[in-house]
Structure formats: C-alpha cells, structure tokens
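The values are calculated or read from the model by the stated rules, or taken from the named source; none is laboratory data. The structure displayed is predicted, hence computed values, not measured ones. Cβ coordinates were reconstructed from backbone atoms using ideal geometry, including for glycine residues, and neighbour counts include every protein chain displayed. When the accessible area is computed, the model is the full protein with side chains, heavy atoms only, and any ligands, DNA or RNA have been set aside. Shrake-Rupley method; radii C 1.70, N 1.55, O 1.52, S 1.80 Å.
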Amino acid sequence: MKKPAFAPLVRPAWPALAGLAVAGCLALFSLPAEAQSGAAACANADDGFARKAEDLIMAGVAAERKQAIPGGSSFLSHSELTRIARERSCDMALGLAPFSHTDAQGRVIAVKMIAARYHRYGVIGENIMRMGGAWDLIGVRPFGPEEFARATVKAWMESPEHRANILNRDFEASGVGVAKLNGEAVATEVFYGAGRTRGGLGE
C-alpha cells in the first residue's frame, strides 16, 4: 500500500502519516511584480466547509504558536494573503496546479503571487495539506471541517519544516485558504514577513 508523501521544498520526500499529504516551504524573495493568471473559481466547492475549516485552522495555528512562543504575537490576518491561499487550494483541488509548491517550470507559485499582489520583498513560507479522495488511505468516507482542521494542524506541527513555518518569529502575517471538491479537501497557509535579508529565487 503506497502512502502519500510529504513534499517539502528543500529536501527529499519521506513517508507521511496515513491518509495525509502535506508540504512546507520557506523562501526569501526579491522579484519583479508580474500579472498573474486568475485562479479558476471553485464554483462547486463546499464553501461552508471551507470557511469553517479556515477559522479552525487559524485558531489551531494561533494556539500552537502561543504555546510554543510565550509572549509571541499571533499572525496578522490579511485579506490578500487569504485570497492567495484560497486560490492555491482551489487550483490544487481542481487539478489546475500540482500538489506542490512549484509549477511545471520549477517556479515557486506562492512567491510569484505574493510578489505581484502583496509585497515585492520579504520572506514567505507555505504549508499545504490535502485529505480525502481516491488517492487517500482514508478513502472517500465523509469528514467534517473539524476533523480536517485538527488533522491539518496536527500534521503540520509534527513535521519539522511545517512547524518551523508556524513558529517562525520573522513571519508577521498569514492567510489560510481551504477548498473542498468531490470529497477531497485542500488547505494552504501562506506566511509573510518583511525579512532581515532580501534574497533572490531563480526564475
């Protein structure tokens, strides 16, 4: 039985928890702003599930950050980062983008979107997660937003790369986006910080 895999940007994949697939990345960037193609709307998505799961994931991440960083501040929630996270999840759920941080040309998708629509300089992180669907070990059984949110936060906190994104003191703002289509749910959290160093990513 083949297990889904983590897919962190900076090291090889390794086996994941049964029924879960998550990925995390951290990148410094300094890129010219470019127009982005609009992500397809998730017309048939379960919006009630998505909004509930987003709220629960944000609350769970905030609780983990507060517990691990005494006196640390919560992430600022920004509407544009939320829109970017929702578009990322929607595109992956629809199959318009791979379940990956990068596109077919190896470019980091979230970096391009944030550079064009939020801020051209800084440091970003991205955690992604999916659950359900024919590929998943849990199969196509129903699950609610509470179960999905709990599984998402738990998986991220048990992975060093994802945990590092959540606990990174340099990140100031984040956005969470969830899409659920055809029994599969996808979550994305993007993180942004002004950063102490401006670095470049190859095109």
field: Sole residue being modelled with pLDDT of 85 or more and touching a strand residue (DSSP E or B) at 6+ places or on another chain (Cβ under 6 Å), chosen from A155, A149
entry: A155
message: Can you tell me which residue is most open to solvent (accessible area, probe 1.4 Å) among those in segment 41-58 that are out of contact with any helix residue (DSSP H, G or I) (no Cβ under 6 Å at 6 or more places or on another chain) and within 21 Å of I109 (Cα to Cα)?
response: A41
Of residues in segment 178-197 being surrounded by 24 or more Cβ atoms within 10 Å (Cβ to Cβ) and of a type outside the set (A, V, I, L, M, F, W, C), the one farthest from the chain's Cα centre (by Cα): K180
query: Taking the stated definitions as given, is V61 open to solvent by less than 30 Å² (accessible area, probe 1.4 Å) and modelled with pLDDT of 95 or more?
result: yes
Test result for S89, surrounded by 14 or more Cβ atoms within 10 Å (Cβ to Cβ), closer than 17 Å to A62 by Cα and modelled with pLDDT of 85 or more: no
- prompt: Considering segment 60-96 alone, what residues qualify as being part of a helix (DSSP H, G or I), among the aliphatic types (A, V, I, L, M) and in contact (Cβ under 8 Å) with a residue 24 or more places away in the chain?
  reply: V61, A68, L81, I84, A85, M92, A93, L94
